[in-house]
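Report on one structure; see the data block that follows.
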Amino acid sequence: MYPHILAHGALGIFDEIIFLGVGVVFLVMIGISWIKSRNVPPEFDETNAPVETASPETSAPDRFKLD
Amino acid sequence: MPFCLNPFTANSRAVTLWRAAAVVLGLMLVLISEPAQAHGYIVRSIPEDRATLERAPVRLQYWFSEDLEPEFSSITVRDQAGGVVAEGGVSPDDRSLMEARLPTNLTDGAYINELRVAFASDGHVIVESRVFFVGEPSSDVAGLAASDQAVALEVVWRAVVYASLVLLLGTTALYNLVLLPAWGSKTYPAGHLPPRVMSRLNWIMTIALVAAFGGNLLALLQQTMVFFGADASRVLSDGLWQVVRIGTRFGDTWNIRMLLLALAAALHGAGLYLRGSQPETVRAFWAANAWVMALCMGTLSLSSHAAGSLLLPWVALVSDWLHTLAVGFWVGGLTALALVLPAALRPYSGDQRRQALLAALNRFSPIAGAGLVVVVATGIYSASNWFDTPADFGSRYSGALALKLLLVGLLALVGAAHFMALRPQRYVRFEAVIRRVRRFVPTLQLEVVLGLLVLAAAAYLSATPVPQRQFDAPAPPSATQVVGEYTISNTATPGGLGVNTYDTVITRNGEPVDGLPVALRLVNPAHDWRGVWHSAENLGDGLYVAAGADINRAGHWLTLVTIGQGDEAVRAVFEWDISVDAGVIDSIAPGWLNVAALAGVLLAVGYAAFPLGRRFYHKLDLSPSSLTVAFASIAVTVAIVIAAGMIIQQSNGQYEAAISPPPQVVNSVLPDTASLERGQAALVAHCGDWRQGADWDELIRRLPRLRDEELLTYTQEGWRSLATCDPSLTEIQRWDVVNYVRSMELF
């Protein structure tokens, strides 16, 4: 008997196809995010002053370069 | 007005935090120290609990809302004296069905069915007993409600695994979405954060990974102990854990989770190993690990209440996954932030310290807000799955949910206060609230404690059984006939659409008769449809069993039971009225509340994904030509999909009508032994005895493809060399002839 991972297997074989599909999509995303983060350097505002604010309605900064 | 932050690095603060965490852990254990119960439950039982039957049933059948583990599930039937009268287990054809065959010589009295049920999705084992009476009911005998064998060990591993996975996801998400953009600098090639911050993050990841591995190993040990009823030393010395790991669904989910954790550990280890030689890879490993942990959180959903939902199980599963992801981003991120802040802010004081803190909080605030919205929306959808009647609101599950909602509400209030404190100009009227929380750090600690309490409440909720829906179903159709020397009883269980078991008990002079050739066929006269002949298996005690999915629509059905072969054959015909609600419920249609809750989930996900969508939107080419092509493509695609759907639907209808059109004339005569005898006599006397005709064999060969109304036409008009029957034959006599000719199909 085909081993179902899900409790019901209401969609039959499609349960497993969807399940494996989700896994494959995430594995691809893992690979893409690794390659992108490896090859594309992040863009930082290296100046600490003057302080930028996140939006006009907040007085709080959203960037502070830690030393 | 300058902020006056207490030194977060002070030992007193750390001690307070850990004390609070210890209190939370204690509360967690107290809260969930009640026995956890399984997610599954009985959706149909034959006979019903405490049913009083005139005579003993042939078999006991219990359908559950989820699949069971065959190796660890059993049923034992005892009489009032405690003697075992029958044993059974999970049906090889249906893993959600547990059945036991009963001997036919059961005397009047009370019978106790002991069920040991191991659910596949969560590995929970319950033991309960049910009672039925043959003859007179007795008030002295009662069954036992389901009890759970979960031990404190289960509570511990569930809490550890849940908390560690939430922290792992929260830490990786915090690094990528908050700390890097808020504090990142190219000065530090290994992770773009100062070494003290990266070191703290690495420690959090390492400890959480160790906790997750440890919790999972504990899970396998505890689950094996429950399945085998063995102690830890025997589980380890005999290698029983391997059986559970390889041979159960709990083991499947466990393997997947361990595999993903091993991948996360490998990525984390690689980042640590390469931080000196290839520092640019550190950020890449952290980015990849965020996706690994998001996938790993899905394994929690695979063993959640959602996995056992009868209502749109896939939607419930995805909703639960979104729920755990949102909790990970919100509570896990918050906890990780609270643990990182002391190291990150150590060199700063005064206004610089405030700005560094606010930079992180300002980045985290929208993530927490989106997480809260998704948690609430998916929580409402999940609740709508389980609350069916007003009585459900008084259940223990309802109480556990209320506790969790209360804590989530408190957490949301603190979060809202922080949100306003970050925007004092906009929320001037809440100045009093803002003044209380503007130091942020103490109330962040409070938020973390509340977050841990929410996790504890979530663990409690996941260990609480959901309200069980009641499904009213008619008793399975059953009847007894005397044909010749035989008394024939036939039962179709559960007696609804789909797979049924056909039990035929044959006795002669009160004694069971074994060794007979018994064949059985289902007929739907209104559609002139016949199933295949099932050869029934003789299981002893006069019981002959067959099974099939012949009943495919509601309405009037016949079961033809033929005993013996050739001229000695006898035929019994049983009539049933099959209703749609007679089958075993394996799914529930969504109501308006479920649809509304699902719409809420979609809106919440849309709200959470809005910033991403906006960024994507700004990257789009919005020139008129591009928009025209895009809209035209979408319109054409939608039109093609709709047209294809309509064509497929129409084709299916035409195909159905072509292969099984409703007959013009319905055979109104039951094809029982008497009808067959009459038909044979009429065929000989009024039809020139077709059996002597040259085309008789060809007619018999074609019978599987011929409908009754066609055979009726042959009696009126003849067929090839087979003569027309006497015009004086009545319609009933003609149907008798048809029935007799049809009976030749088997013999």
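Worth pointing out:
- Any chance B:Ser309 is among the polar types (S, T, N, Q) and more than 11 Å from every other protein chain (Cβ to nearest Cβ): no
- Per this entry, B:Gly515 is not counted among residues that are in a loop (DSSP other than H, G, I, E, B) and within 29 Å of B:Glu48 (Cα to Cα).
- Scan of segment B:291-302 for residues that are within 9 Å of chain A (Cβ to nearest Cβ) and open to solvent by 20 Å² or more (accessible area, probe 1.4 Å), ordered by number: B:Trp291, B:Leu295
- Residue ID - farthest from A:Asp62 (Cα to Cα), chosen from residues in segment B:418-429 that are within 14 Å of chain A (Cβ to nearest Cβ) and in a helix (DSSP H, G or I): B:Val428
- Restricting B:Ser675, B:Ser668 to residues that are hydroxyl-bearing (Ser, Thr, Tyr), open to solvent by 20 Å² or more (accessible area, probe 1.4 Å) and touching a residue at least 12 places away in the same chain (Cβ under 8 Å) narrows the list to B:Ser668.
- Odd one out for B:Ala344 among (1) at the interface with another protein chain (Cβ under 10 Å from one of its Cβ atoms); (2) under 27 Å from B:Ala118 (Cα atoms): (2)
- The residue list B:Ala400, B:Ala370 contains one member that is farther than 27 Å from B:Phe610 by Cα and either within 14 Å of chain A (Cβ to nearest Cβ) or among the small types (Gly, Ala, Ser) (or both), which is B:Ala400.
- Residue under evaluation B:Val741, criteria (1) of a type in the set (Val, Ile, Thr); (2) within 19 Å of B:Gly566 (Cβ to Cβ); (3) open to solvent by 30 Å² or more (accessible area, probe 1.4 Å), criterion not met: (3)
- Strands (runs of 3 or more DSSP E) enclosed by segment B:528-647 - at least 2 residues per element that are within 37 Å of the chain's Cα centre (by Cα) and closer than 21 Å to B:Ser743 by Cα: B:543-551, B:555-563, B:570-578
- Total residues in segment B:122-137, condition in contact (Cβ under 8 Å) with a residue 40 or more places away in the chain, in contact with a Gly (Cβ under 6 Å, 6 or more places away or on another chain) and open to solvent by 10 Å² or more (accessible area, probe 1.4 Å): 1
- Residue list for segment B:578-602, restricted to those being within 14 Å of B:Ala316 (Cα to Cα), in contact (Cβ under 8 Å) with a residue 40 or more places away in the chain and of a type in the set (Val, Ile, Thr): B:Ile588, B:Val601
- Residues (under 18 Å from B:Leu153 (Cβ atoms), more than 14 Å from chain A (Cβ to nearest Cβ) and open to solvent by 50 Å² or more (accessible area, probe 1.4 Å)) located in segment B:238-262: B:Trp241
- Flag for B:Phe228 being hydrophobic (A, V, I, L, M, F, W, C) and open to solvent by less than 30 Å² (accessible area, probe 1.4 Å): no
- Scan of segment B:175-225 for residues that are open to solvent by less than 30 Å² (accessible area, probe 1.4 Å), within 14 Å of chain A (Cβ to nearest Cβ) and not in a loop (DSSP other than H, G, I, E, B), ordered by number: B:Tyr175, B:Val178, B:Leu179, B:Leu180, B:Ala182, B:Trp183, B:Val197, B:Met198, B:Leu201
- Test result for B:Gly269, free of Cβ contacts under 8 Å to residues at least 40 places away in the same chain, at positive phi and more than 12 Å from every other protein chain (Cβ to nearest Cβ): no
- Residues being crowded, with 18+ Cβ neighbours inside 10 Å and touching a His at 6+ places or on another chain (Cβ under 9 Å) - total across segment B:532-578: 5
- Residue in segment B:348-359 that is farthest from A:Asp67 (Cα to Cα), counting only those that are facing chain A (nearest Cβ under 8 Å) and in contact (Cβ under 8 Å) with a residue 60 or more places away in the chain: B:Leu358
- The number of residues in segment A:33-67 being more than 7 Å from every other protein chain (Cβ to nearest Cβ) and either touching a Phe, Trp or Tyr at 6+ places or on another chain (Cβ under 9 Å) or at pLDDT below 75 (or both) comes to 9.
Residue-wise test of (1) at pLDDT below 85; (2) open to solvent by less than 10 Å² (accessible area, probe 1.4 Å); (3) among the aliphatic types (A, V, I, L, M); (4) touching a Leu at 6+ places or on another chain (Cβ under 7 Å).
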{"site": "B:Ala475", "(1), (2), (3), (4)": "yes, no, yes, no"}
{"site": "B:Val483", "(1), (2), (3), (4)": "no, no, yes, no"}
{"site": "B:Ala492", "(1), (2), (3), (4)": "no, yes, yes, no"}
{"site": "B:Val499", "(1), (2), (3), (4)": "yes, no, yes, no"}
{"site": "B:Leu516", "(1), (2), (3), (4)": "no, no, yes, no"}
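The values are calculated or read from the model by the stated rules, or taken from the named source; none is laboratory data. Source: prediction; values computed, not measured. Positions of Cβ are backbone-derived with ideal geometry, glycine not excepted, and every protein chain shown enters the neighbour counts. Accessible surface is based on the protein model in full, side chains and every heavy atom, while ligands, DNA and RNA are left aside. Shrake-Rupley method; radii C 1.70, N 1.55, O 1.52, S 1.80 Å.
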